[in-house]
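Below is one structure, written out as structure tokens; comments come after it.
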Amino acid sequence: MLKYLTVPVTQFAQNCSIVWCDQTLDAAIIDPGGDLDRLQAEVKRLGVTLKAIWLTHAHIDHAGGTAELVERLSLPIIGPHPGDQFWIDGMVQQGKMFGFPRCEPFTPTQWLDDGDTVQIGRSTLNVRHCPGHTPGHVVFHSPEAKRAFVGDVLFAGGIGRTDFPQGNQQQLIASIKERLWPMGDDTVFIPGHGPESTIGEERRFNPYVR
């Protein structure tokens, strides 16, 4: 079964998640935006072995630590969708804009698209392309664990911003309704910021998508 630990990182309190297979103890890290020493300490404490970096999208608070973590551990970078290439190319400029330490661009080992899967140990997660917050945003869904790691697509009581370059609110709402709602009301999602919620709770009460 898939297990996970969410660790808020960077000044934006971005929810980085360490996910692992409880049978093999192989792990992936979703959206290592920064604070890498802290993240590696948590990995060591859990007794798991990092095998990959999975990215929902390439905003700096989600992807800023990627290049350095690859330099430290030689991990493959899985995701996001190619639509976020321009955000990766602009990683240094993003750092200057938001006051981050210098963050380097990187080259994904594997781009992701809607309908792909990713695997860690014996756990397989489905990939859904959910543009709107960024054009290349993806989410990771484990039907077995009834968990979805949705980045900045959906929040408890909110949705992702669409005022960044190539953001699109209509596209974001469509992504939520067409790709997240079918995951089922009992699916718990881990957003990029803030507390967890369920698909059912947001489908019924979220004022931005009702």
Range of Cα positions in region 1-120 per principal axis (Å), largest first
41, 32, 23
On the full set of protein chains, 1.4 Å probe, figure out the accessible area of H59 and give it in Å² to the nearest 10.
10
Counting only Cα, what are the radius of gyration and maximum Cα-Cα distance Dmax of region 84-152, in Å?
14.4, 41
Under 5 Å from the placed amide H of L112, counting only residues 5+ away or on other chains, we find G79, H81
Per residue, how much accessible area does region 104-165 have with a 1.4 Å probe, in Å²?
39
Loop only by DSSP, 15 or fewer other Cβ within 10 Å of the Cβ. Give me the trypsin sites (Lys or Arg not before Pro) in region 87-163 that pass, ordered by residue number.
R102, R122, R161
Between T162 and R38, Cβ-based FRET efficiency (R0 35 Å, step 0.05) works out to 0.70
The local net charge around D113, scoring Lys/Arg +1 and Asp/Glu -1 for residues other than D113 whose Cβ lies under 14 Å from its Cβ, equals -1
Express the relative contact order of region 20-96 as a whole percentage, based on alpha carbon pairs under 8 Å and six or more residues apart in sequence.
31
Just one of (1) 17.4; (2) 16.7; (3) 20.8 is Kirkwood radius over Cα pairs in Å calculated from these coordinates, so which is it?
(2)
So what's region 1-69 giving for Rg/Rh, alpha carbon basis, Kirkwood Rh from the mean inverse pair distance?
0.95
Over region 72-210, what relative contact order in percent results from Cα pairs under 8 Å that are six or more residues apart?
19
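Ignoring ligands, DNA and RNA, what percent of the 1.4 Å accessible area of the chain is carbon and sulfur?
Carbon plus sulfur share of accessible area: 49 percent.
The values are calculated or read from the model by the stated rules, or taken from the named source; none is laboratory data. Treat the numbers as computed from the prediction; the structure is a model and nothing was measured. Glycine also receives a Cβ, built like all others from the backbone with ideal geometry; neighbour counts cover every protein chain displayed. Only protein heavy atoms, including side chains, enter the accessible area calculation; ligands, DNA and RNA are left aside. Shrake-Rupley method; radii C 1.70, N 1.55, O 1.52, S 1.80 Å.
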